[in-house]
1. How many residues, within segment 83-99, are open to solvent by less than 20 Å² (accessible area, probe 1.4 Å) and either modelled with pLDDT of 95 or more or within 19 Å of residue 140 (Cα to Cα) (or both)?
2. For the list (1) outside any loop (DSSP other than H, G, I, E, B); (2) at pLDDT below 90, I need the number of the one condition that residue 162 fails.
3. In segment 122-140, which residues are under 30 Å from residue 107 (Cβ atoms) and surrounded by 14 or more Cβ atoms within 10 Å (Cβ to Cβ)?
4. Taking only segment 26-77 into account, find how many residues are farther than 24 Å from residue 198 by Cβ, surrounded by 11 or more Cβ atoms within 10 Å (Cβ to Cβ) and acidic (Asp, Glu).
5. I'd like to know if segment 33-44 contains one or more residues that are under 30 Å from residue 92 (Cβ atoms) and assigned to a strand (DSSP E or B).
6. Can you work out which of the residues in segment 75-114 that are in a loop (DSSP other than H, G, I, E, B) and either among the hydrophobic types (A, V, I, L, M, F, W, C) or farther than 26 Å from residue 147 by Cα (or both) is nearest to the chain's Cα centre (by Cα)?
7. Can you name the condition, by its number, that residue 102 falls short on among (1) surrounded by fewer than 18 Cβ atoms within 10 Å (Cβ to Cβ); (2) hydrophobic (A, V, I, L, M, F, W, C); (3) within 23 Å of residue 33 (Cα to Cα)?
8. Filter segment 141-157 for residues that are open to solvent by less than 70 Å² (accessible area, probe 1.4 Å) and assigned to a loop (DSSP other than H, G, I, E, B); which is farthest from residue 99 (Cα to Cα)?
Amino acid sequence: WLFSLLMLQALLCSSWLLGQTEEVRPQLWNNLLVGWEIDDHFRLRGELSYNVLITDTVPWSELTSAASGVYRFHRFMETSAGFYFSAANQNEDLRSLELRPFMGFTVFTNNSKRWMVSNFSKLEIRTFRYSDLSKDIALRFRNRTYAIVSLNKRSILEDRNVMLFGYFEAFYNFEKEVRERFFNQFKYKLGFGYRHNFSWRVTLGMIYQDA
């Protein structure tokens with residue numbers, strides 16, 4: 001039922017997009033994730049991503065690196081903390097550097113079954129420095145509900161696993177809008193994933209963001 005709801009939301013968003021008069025341009029996102037499972041309770045994660053707007057008019061691109069630590073204190077709950085650092089070309093005349101420390105909390109169902117649902121809440125402090133030498137700071141809350149199901153195995157933890165996944169994420173900005181090209185409010189994602197083994201996984205999906 002959850003995937004049916006996500007599919008319905010995606011169709012509604014697609015219908016809304018087709019009805020817009022403004023030009024729609026796709027983005028290409030590339031993410032590389034690495035992780036270190038220190039023990040059953042604690043792990044470290046790193047991320048490097050490069051996102052670009054596919055357009056020949058007003059360019060936009062973003063290079064982001066991130067590091068975080070995750071601590072599982074309950075069978076179905078964990079907390080996390082870390083930071084993001086990103087450099088973005090907002091348009092032809094404005095570039096930005098952002099440092100974004102965060103704290104998060106996740107609750108999830110049993111991940112040894114064929115399916116899993118999780119909810120990740122995160123509080124971020126966003127500090128910006130722009131190419132025109134101005135600065136900005138803002139507080140943002142994010143909440144993501146995620147679901148995944150295996151299509152060919154009895155558990156999502158098994159190797160050579162083909163999976164279907166999706167999420168819905170909402171953004172709440174406490175104070176003001178900062179100067180950035182895409183000021184996110186909602187985000188939807190649907191896609192397929194393949195887990196070759198514990199160390200190697202790949203996903204292919206489509207994201208719609210209301211920004």
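The values are calculated or read from the model by the stated rules, or taken from the named source; none is laboratory data. Since the structure is predicted, the reported quantities are computational estimates derived from the model, not experimental observations. Here Cβ is always computed from backbone atoms with ideal geometry, including for glycine, and neighbour counts include all displayed protein chains. The accessibility values were calculated without ligands, DNA or RNA, using every heavy atom of the protein model including side chains. Shrake-Rupley method; radii C 1.70, N 1.55, O 1.52, S 1.80 Å.
1. Number of matching residues: 4.
2. (2)
3. 122, 123, 124, 125, 126, 127, 138, 140
4. Matching residues across segment 26-77 total 1.
5. Within segment 33-44, none of the residues are under 30 Å from residue 92 (Cβ atoms) and assigned to a strand (DSSP E or B).
6. My answer is 90.
7. Unmet for residue 102, out of (1) surrounded by fewer than 18 Cβ atoms within 10 Å (Cβ to Cβ); (2) hydrophobic (A, V, I, L, M, F, W, C); (3) within 23 Å of residue 33 (Cα to Cα): (1).
8. 153
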